[in-house]
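Every number in this text was worked out from the coordinates using simple rules, so none of it is lab data. Just so it is clear, the structure is predicted and the values come from calculations on it, not from any experiment. Ideal geometry is used to build each Cβ from the backbone, glycine not excepted, and the neighbour counts take in all protein chains shown.
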Amino acid sequence: MESCDPNPKLELLQAYGLSLGNVTQLNRFAMAESKQTKAEYSGVKIGAALMTEDSTIYTGQYIEDLIYDNSITAEDFAIYKAVAEGKTKFKAMSIYFENKDGNAEYTIPNGKWRQKIQEYGHFVLICCRSEEDYIVKSSSSLLPYSYIKFDAEKKLFFPNSEEISEVLDAAAYWLKIDHNETTRREVETMMHNEDITALKKAFCSRIAFGTAGLRGAMSAGYANMNYVTVQQTTQGLSKYLLEVFDEETCGKRGVVIGYDGRHNSFGFAHITAAVFKHFGIRTYLFDRMVCTPMVPYFVSRFKCVAGVMITASHNPKEDNGYKLYWENSAQIIPPHDKNIQESIEKNLELVDVSEYFNYFERKITYTADNFSGQTINRYITDIGKEYFINKRELNKSCPPITYTAMHGVGYKFIVKTMASLGFQTLNSVKEQIEPDPEFSTVAFPNPEEGKGALQLSMDQADKEDSRFILANDPDADRLAIAEKQEDGEWKIFKGDEIGAILANFLFQTHKRKGEDVSKFAMVASTVSSKLLQKMAEIEGFRFEETLTGFKWIANKAMELDDQGYHTIFSYEEAIGFCCGNLVRDKDGVCAAGVISQLYAQLCANEDKCGVMNEYLQNIYKKYGYFKTQNHYFRCYDPAKSKQIFDEMREGGYPEELGPYKIKTIRDLTAGYDNSKPENKPDLPISKSSQMITFTFENGAVITLRNSGTEPKLKYYCEYSDETPEKASEILDDLVTNHMIPTLLQPEKFDLV
């Protein structure tokens with residue numbers, strides 16, 4: 001099932017009472033008329049075909065004069081014929097342009113002629129290169145706010161929001177370079193309505209390329225995800241890859257490109273491939289939707305220079321993204337992000353990729369190095385080799401498990417993985433099995449949201465007498481679990497709880513094999529639970545924490561492996577888990593296979609409700625009861641988000657929150673950590689993002705940060721004690737009665 005996007009070209013034609021047959025006919029007449037061109041000076045050929053309201057067709061060819069202003073355009077020629085017969089209402093006009101080298105190009109009427117459009121009302125303009133190869137637009141988009149100044153290219157890509165003429169020029173230029181009818185129509189509507197606010201929002205800022213690549217709303221303009229910005233990004237990336245490596249290396253090793261089931265993911269992946277092809281970079285393009293972990297897996301397996309995954313993971317349906325992996329198969333870290341952003345900004349003028357990409361069908365026209373089903377199955381096979389922990393008979397006897405793909409791509413990969421491990425009964429939520437870019441049954445396609453996202457799964461599990469639920473997010477790189485308890489209620493496990501379960505299970509599994517515990521390593525983000533750190537202290541293995549994001553986690557894991565350690569597990573609290581080193585990123589498919597085998601073991605020992613939660617409680621009994629409260633407020637004003645953090649720093653950091661004394665403060669925005677020599681933090685600092693951690697004398701830890709991909713202000717709070725009741729009581733008081741009202745002040749800053 002591919003993206004269900006409507007065909008905007010067809011919609012626009014139908015709005016003007018035109019059929020595809022009408023367009024083909026007009027294009028044929030325009031091409032034929034171009035042969036009558038008289039242009040001995042320029043050598044071009046231009047023909048036009050005009051259809052009036054009564055469907056009569058008038059044609060015209062370009063007649064050139066030595067004095068340019070005396071030339072007769074093909075468009076004028078056709079209109080003069082129609083007007084001479086009293087026809088002044090038009091449906092459509094097709095224009096065919098052939099340059100002096102005999103190559104057909106899309107072209108639009110010149111600025112001088114556009115002023116005449118106002119006299120004839122609205123109609124469809126068709127710019128064709130053949131009968132079937134064309135773009136369409138409404139004539140209203142050509143009304144001249146100002147003419148494009150091609151000598152001021154920088155202003156076209158970076159218009160000054162205070163200069164209205166620059167904004168309008170940028171929008172007009174966009175209509176010249178954008179071949180996608182949906183985004184063209186958005187800009188045409190903005191211009192026709194003179195919606196300066198919308199135009200500024202679309203064109204006066206640029207979607208930024210960071211360590212997470214791109215992620216944003218799919219809409220027109222340089223501020224959003226669309227075919228223009230995806231092509232510009234890939235041009236900059238291509239140039240950077242050729243600079244870091246070389247043409248021969250890029251041509252031989254190539255790039256892996258994958259995509260999920262969101263609107264435009266297929267097309268974005270294909271234009272990405274076409275741009276790489278244009279620059280001589282080999283492309284491994286999946287011929288089907290895939291889960292995100294497969295891209296870094298094949299970057300590693302094929303020894304590629306990079307990998308690109310088109311996905312916005314669990315974001316709302318309006319969003320999409322461009323996720324980049326480096327040659328080490330991990331997401332990029334500085335300085336690559338900054339260097340790539342600079343390369344993008346140096347290569348904004350679109351190259352012609354029409355040799356490799358069909359703009360109408362939104363797919364490549366060449367044969368990429370596609371993956372066969374057998375090749376794709378290597379990923380499943382390797383999961384089975386690395387993580388077949390139980391005997392097949394044990395997994396086969398496991399009670400039924402319920403699974404939801406959350407309208408994403410995970411179903412086929414989970415089914416194959418579970419089957420390869422011997423599981424027989426996997427009940428899938430039918431309404432959410434197939435990729436659905438509308439995410440029809442959930443408000444937010446994120447299993448981390450809890451009950452709202454998992455309600456269908458719980459309802460189905462209740463009907464089918466299933467006590468355990470696996471849930472992937474739409475690109476299947478995250479995993480959530482839920483389990484029915486003895487009282488009949490469902491427990492949805494937090495990310496830190498799943499992390500503790502997987503960490504303990506993998507530790508015990510490797511330990512039973514007789515491996516050297518002192519060579520084990522685990523990694524977690526700094527906002528994740530400190531339970532793994534406590535486990536490492538007691539059991540004698542290496543533990544490291546990193547900044548948030550799997551880019552940091554994966555690179556730290558590789559660093560530890562290079563030092564002779566075996567990184568058996570890494571995770572982040574946002575339900576992202578990496579078991580071993582098969583994939584250098586979070587992998588919801590592999591994690592599902594591993595935790596299901598633990599569930600099979602537990603049920604074999606005692607077939608009842610709540611076995612997974614009981615396993616978790618035993619971990620807490622051994623290492624301490626770590627209670628967490630991780631949540632967020634939505635903050636739609638970046639200035640207010642920054643002000644919240646600035647106020648924490650003003651006049652010195654706070655020394656206490658109510659009765660709770662603050663022991664140390666780490667501010668990774670300001671580069672301050674008073675627990676370290678010279679107050680310099682061990683973790684990398686970033687002035688472009690906000691992140692402050694408070695550690696209290698009683699051991700509680702609170703971290704506040706703004707999200708890099710969503711308008712969220714997140715908080716991560718943890719406290720451990722000898723009993724769960726005491727841990728919960730103290731943490732609730734600290735967070736609810738002191739941290740939120742004192743530091744975040746939701747009412748003052750309009751947090752929701």
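Of the cross-linked pairs LYS586/LYS661; LYS317/LYS627; LYS511/LYS556; LYS303/LYS396; LYS551/LYS714; LYS451/LYS714, which ones have a Cα-Cα span greater than 30 Å in the structure shown?
The pairs that break the limit, which is 30 Å between Cα atoms, are LYS586/LYS661; LYS317/LYS627; LYS303/LYS396.
Dipole magnitude of region 625-744 about its Cα centre, charges +1 at Lys/Arg Cβ and -1 at Asp/Glu Cβ only, in debye to the nearest 20?
For region 625-744, the charge dipole is close to 520 debye.
Need one number: % antiparallel among DSSP beta bridges in region 375-492, to the nearest 5.
If we restrict to bridges inside region 375-492, about 55 percent are antiparallel.
Straight-line reach from LYS89: which aspartates and glutamates have a Cα under 13 Å away, not including same-chain ones fewer than 8 places off?
Here the aspartates and glutamates satisfying the reach criterion relative to LYS89 are GLU53, ASP54, GLU119.
Counting only residues 5 or more places away or on other chains, whose amide H sits under 5 Å from the amide H of MET691 once H atoms are built in the peptide plane?
LEU668, THR669
How large is the dipole of region 244-376 about the Cα centre if only Lys and Arg carry +1 and Asp and Glu carry -1, each at its Cβ, rounded to the nearest 20 debye?
Roughly 460 debye, rounded to the nearest 20.
Using the Kyte-Doolittle scale, which helices in the chain average at least -0.5 and also have C-alpha atoms spread 24 Å or more along the helix axis, with helices defined as whole DSSP H runs?
227-244, 495-512, 588-605
Residue by residue through region 743-752, what is 3J(HN,Hα) from phi via Karplus (6.51 cos²θ - 1.76 cosθ + 1.60, θ = phi - 60°)? Round to whole Hz and write x for glycine and proline.
Karplus values, whole Hz, x for Gly and Pro: 8, 8, 6, x, 5, 5, 9, 6, 7, 10.
About its Cα centre, how strong a charge dipole does the chain have in debye, to the nearest 20, once Lys and Arg get +1 and Asp and Glu get -1 at the Cβ?
Around 1140 debye, computed over the chain.
Sort 727-740, 678-691 by the packing proxy (mean of other Cβ within 10 Å over each peptide's residues), most packed first.
Most protected by this proxy first, the peptides run 727-740, 678-691.
Determine the percent antiparallel among the DSSP beta bridges restricted to the chain, to the nearest 5.
Of those bridges, close to 70 percent are antiparallel.
Which is farthest toward the positive dipole end of region 584-720 among THR693, GLN643, THR703, measuring Cα position about the Cα centre, with Cβ charges +1 (Lys, Arg) and -1 (Asp, Glu)?
GLN643
Just the number, please: percent antiparallel of the DSSP beta bridges in region 308-453, rounded to the nearest 5.
The antiparallel fraction comes to roughly 65 percent.
Ranking request for peptides 541-552, 34-45, 585-596: highest mean number of other beta-carbon atoms within 10 Å first, then the rest in descending order.
585-596, 541-552, 34-45
Would you please classify the overall shape of region 214-366 from the alpha carbon gyration tensor, given that a ≥ b ≥ c denote the square roots of the eigenvalues, rounded means a/c under 1.5, and beyond that prolate means a/b larger than b/c while oblate covers the rest?
rounded
In region 309-373, which GluC sites (Glu not before Pro) fall in coil by DSSP and have 10 or fewer other Cβ atoms within 10 Å?
Those that pass, being in a loop and sparsely packed, are GLU355, GLU361.
Take peptides 557-567, 55-65, 304-314, 174-184 and line them up by average Cβ neighbours within 10 Å, highest first, as a rough protection proxy.
My ranking of the peptides, most packed first, is 304-314, 174-184, 55-65, 557-567.
Compute the relative contact order of the chain as a whole-number percentage, counting only Cα pairs closer than 8 Å that sit 6 or more residues apart in sequence.
Relative contact order of the chain: 8 percent.
Can you work out the Karplus-derived ³J(HN,Hα) for every residue in region 280-286? Use 6.51 cos²θ - 1.76 cosθ + 1.60 with θ = phi - 60°, whole Hz, and x for glycine or proline.
In residue order, the calculated couplings are x, 9, 4, 10, 9, 10, 4 Hz.
Under the rule of at least 5 residues apart or a separate chain, name every residue whose amide H is placed under 5 Å from the amide H of GLY254.
Under 5 Å from the amide H of GLY254: ARG282, VAL305.
Going by the alpha-carbon gyration tensor, a ≥ b ≥ c the square roots of its eigenvalues, is region 277-354 rounded (a/c under 1.5) or, if a/c is not under 1.5, prolate (a/b greater than b/c) versus oblate?
Since a/c stays below 1.5, the shape of region 277-354 is classed as rounded.
Restricting to Cα pairs below 8 Å that are 6+ residues apart, what does the relative contact order work out to for region 625-744? Please round to a whole percent.
With pairs under 8 Å counted, the relative contact order is 32 percent.
Counting each DSSP H run of 4 or more residues in the chain as -39500 (n - 2.57), what helix-only mean residue ellipticity at 222 nm follows after dividing by all residues, to the nearest 500 deg cm²/dmol?
-11000 deg cm²/dmol
Can you compute 3J(HN,Hα) from phi for each residue in region 653-661, using the Karplus curve 6.51 cos²θ - 1.76 cosθ + 1.60 with θ = phi - 60°, rounded to whole Hz and x for Gly and Pro?
Ordered by residue, 3J(HN,Hα) equals 5, x, 9, 7, 10, x, x, 9, 7 Hz.
If a/c stays under 1.5 just call it rounded; otherwise compare a/b with b/c (prolate if a/b is bigger, oblate if not). Do that for region 712-752, with a ≥ b ≥ c from the square roots of the Cα gyration tensor eigenvalues.
Note, shape of region 712-752 comes out prolate.
Label VAL517 and GLU464 with points 7 Å out from Cα along Cα→Cβ: what is the distance between them in nm?
A separation of 4.0 nm, rounded to one decimal place.
Put +1 on the Cβ of each Lys and Arg and -1 on the Cβ of each Asp and Glu in the chain; which of ASN99, VAL228, ASN605 then has its Cα farthest toward the positive end of the dipole?
It is ASN605, whose Cα lies furthest towards the positive end.
Within region 309-331, list the residues whose amide N lies under 19 Å from a label point set 7 Å along Cα→Cβ of ARG378.
309, 325-330
Given that just one value was derived from the coordinates, which of (i) 115, 78, 46; (ii) 160, 144, 55; (iii) 94, 64, 51 is Cα extents along the principal axes in Å?
Here the calculated entry is (iii).
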